Structures are given as C-alpha cells and as structure tokens.
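Student: Following this message is one structure expressed as structure tokens.
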Amino acid sequence: MEFPKVLVIRHFTEVLGMRYTGEQGEVLWFEDGLNKVAVGLYLSELYEEGELYKRVAALAGLEASKVYLAVLPEGAVFVDPRFFKSQGVGLVVVDSSRGVDGVEVKIYAKARQLQAASVDAGRLAEAVKASVAEYLREQLKALEASITEKVKRYVDQRLEEFRRAAPSAQEPPRAVQEAGGPAVLDNEWVRILRSRGR
C-alpha cells in the first residue's frame with residue numbers, strides 16, 4: 001500500500017472518526033455512522049485537468065452520502081473550489097513529505113441525497129392487499145366467534161328466565177297456543193342457536 005493512501009486512511013479513521021470498510025479500485029470506502037463515504041484517489045506525479053474532472057464525475061455517480069477526491073499538492077492547483085462546492089465534492093490534499101500530519105481537508109463534502117432504489121409499485125400493492133386481506137379475515141373470524149358467543153349467552157339466559165317464569169307443567173301456556181303462534185322452544189332459530197352452543 002502506498003504511503004499517501006495510508007495517510008488518507010489514517011486521517012479519515014483516526015482524525016475524522018470514520019470506519020474503514022475497504023477499497024474498490026481507486027476509491028476508499030468509509031462508514032460515518034450509517035452514511036457511506038467514498039474517497040477517490042488521484043495521486044499522480046503529473047496531473048491533467050480533464051482527468052481530474054472525469055474522476056470527480058465518476059465519484060459523483062457513486063452511491064455514497066459524501067464523496068471526496070484526494071490529490072497531491074501539485075494537483076490542488078487544477079481544482080476549481082466553486083465547482084467542487086457546488087457539486088458537494090470534498091477535496092483532500094495529501095503531502096507525504098509532512099509525515100503523519102500531511103493530510104488536510106481543503107473542502108468538506110456536503111451530504112448528498114441518495115435516490116431510493118426503484119420499487120415495483122404493482123408488486124408492493126399486491127403484497128399490501130394480501131396482508132390486509134389476511135388481517136381482515138382474522139378479525140372477521142374473531143368478531144364472528146365473539147358475536148356467536150354473545151348471542152348464545154343471551155338466548156340461553158332468556159330461555160332460563162322463561163323456564164323459571166313458566167309454570168312447572170310440561171305443556172306450554174294455552175294463551176300462546178290459542179294465538180296460533182308456535183311455542184318458543186319449538187322456534188327453528190332457537191333450536192339452531194342452541195345446537196351451535198353444544
């Protein structure tokens with residue numbers, strides 16, 4: 001590992017308090033809490049302004065909360081600070097001749113809004129629909145059981161009250177039979193509700 005790269009890693013981990021997670025090509029990756037930070041390295045003896053801005057564009061396309069470009073002091077003269085600030089890209093100057101203190105953040109990167117991964121709306125709607133349908137089925141079953149239990153208790157309670165109030169004779173009162181109505185115990189709905197309770 002080259003010494004300037006080691007200095008950049010040391011500065012971001014020990015001075016700025018980030019966690020080093022690895023590298024991909026010329027990009028070092030760090031974690032700052034839940035945010036990803038990318039530091040592109042352009043540590044060359046000869047700098048081309050076009051190449052420098054190509055690397056800035058490549059960094060801007062990365063899925064990172066903050067991006068920095070690390071250059072040697074010779075490359076800092078090609079940097080337009082207004083452009084870097086407007087793009088939210090930070091600038092790190094690495095001077096290995098100064099040793100451990102040779103890294104300086106000239107421009108701090110701005111936090112960027114990452115685009116959320118595209119979501120298939122149809123698939124999401126179907127999942128929500130299935131979840132809601134299952135929840136409603138469970139709630140309806142619980143409600144049906146509750147209502148059935150309450151109706152059964154109510155009917156049993158009324159029948160018990162009717163039995164207590166009725167004379168001890170086996171046949172139903174004559175007034176009900178003369179009116180032409182069936183006895184309460186012979187009612188079909190009463191029999192259905194009582195059979196569910198058993």
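Student: If I filter region 54-78 down to residues being in contact with a Lys or Arg (Cβ under 8 Å, 6 or more places away or on another chain) and among the hydrophobic types (A, V, I, L, M, F, W, C), which single residue comes out as modelled with the lowest pLDDT?
Tutor: Ala76
Student: Out of (1) farther than 16 Å from Glu2 by Cα; (2) at pLDDT 85 or above; (3) open to solvent by less than 70 Å² (accessible area, probe 1.4 Å), the odd one out for Ala109 is which?
Tutor: With respect to (1) farther than 16 Å from Glu2 by Cα; (2) at pLDDT 85 or above; (3) open to solvent by less than 70 Å² (accessible area, probe 1.4 Å), Ala109 is out only on (2).
Student: Restricted to region 66-75, and to residues that are of a type outside the set (A, V, I, L, M, F, W, C) and crowded, with 20+ Cβ neighbours inside 10 Å, which residue is nearest to Gln24 (Cα to Cα)? Walk me through how you get there before you give the answer.
Tutor: As a first pass, look at region 66-75 and keep what is of a type outside the set (A, V, I, L, M, F, W, C): 66, 68, 73-75.
In the following step, the residues that additionally are crowded, with 20+ Cβ neighbours inside 10 Å were identified as 66, 68, 75.
Working: Lys66: 16, Tyr68: 14, Gly75: 22 Å.
The selected residue is Tyr68.
Student: Would you please name the residue that is farthest from Leu193 (Cα to Cα), looking only at residues in region 133-161 that are open to solvent by 90 Å² or more (accessible area, probe 1.4 Å) and either touching a helix residue (DSSP H, G or I) at 6+ places or on another chain (Cβ under 7 Å) or among the basic types (Lys, Arg) (or both)?
Tutor: Among residues in region 133-161 that are open to solvent by 90 Å² or more (accessible area, probe 1.4 Å) and either touching a helix residue (DSSP H, G or I) at 6+ places or on another chain (Cβ under 7 Å) or among the basic types (Lys, Arg) (or both), the one farthest from Leu193 (Cα to Cα) is Arg137.
Student: What about Ala38, is it of a type outside the set (S, T, N, Q), open to solvent by less than 60 Å² (accessible area, probe 1.4 Å) and touching a Lys or Arg at 6+ places or on another chain (Cβ under 7 Å)?
Tutor: So Ala38 fails the test.
Student: Another question, then. I want to confirm something. Restricting to region 17-29 and keeping residues that are surrounded by 13 or more Cβ atoms within 10 Å (Cβ to Cβ) and out of contact with any Leu (no Cβ under 8 Å at 6 or more places or on another chain), which single residue is farthest from Glu104 (Cα to Cα)? First the steps, then the outcome.
Tutor: Looking only at region 17-29, we keep the residues that are surrounded by 13 or more Cβ atoms within 10 Å (Cβ to Cβ), and these are 18, 20, 23, 26-29.
Then drop every residue that is not out of contact with any Leu (no Cβ under 8 Å at 6 or more places or on another chain), which leaves 18, 23, 29.
Values: Met18: 16, Glu23: 20, Trp29: 18 Å.
Among them, the one singled out is Glu23.
Student: Which of the residues spanning region 45-56 are surrounded by 13 or more Cβ atoms within 10 Å (Cβ to Cβ), farther than 17 Å from Arg112 by Cα and within 42 Å of the chain's Cα centre (by Cα)?
Tutor: The answer is Glu51, Leu52, Tyr53, Arg55.
Student: Inside region 13-41, can you point out the residues that are modelled with pLDDT under 85 and touching a helix residue (DSSP H, G or I) at 6+ places or on another chain (Cβ under 8 Å)?
Tutor: Listed by number, the list is empty, since nothing qualifies.
Student: Only one of Arg10, Arg82 is modelled with pLDDT of 85 or more, open to solvent by 50 Å² or more (accessible area, probe 1.4 Å) and farther than 16 Å from Glu104 by Cα. Can you tell me which? I'd like the intermediate steps shown before the answer.
Tutor: Values: Arg10 fails: farther than 16 Å from Glu104 by Cα.
The conditions single out Arg82.
Student: In region 89-99, is there at least one residue being over 28 Å from the mean Cα position of the chain (by Cα) and open to solvent by 60 Å² or more (accessible area, probe 1.4 Å)?
Tutor: yes
Student: Hand me the list of helices (runs of 4 or more DSSP H) wholly inside region 1-113 holding 2 or more residues that are touching a Ser or Thr at 6+ places or on another chain (Cβ under 6 Å) and touching a residue at least 12 places away in the same chain (Cβ under 8 Å).
Tutor: 3-10
The values are calculated or read from the model by the stated rules, or taken from the named source; none is laboratory data. Note that the structure is predicted; figures quoted are calculated from it, not measured. Don't worry about glycine lacking a Cβ; one is built from the backbone with ideal geometry, like all the others, and counts go over all protein chains shown. The protein model used for the area step is the full one, side chains on, heavy atoms only, and it has no ligands, DNA or RNA in it. Shrake-Rupley method; radii C 1.70, N 1.55, O 1.52, S 1.80 Å.
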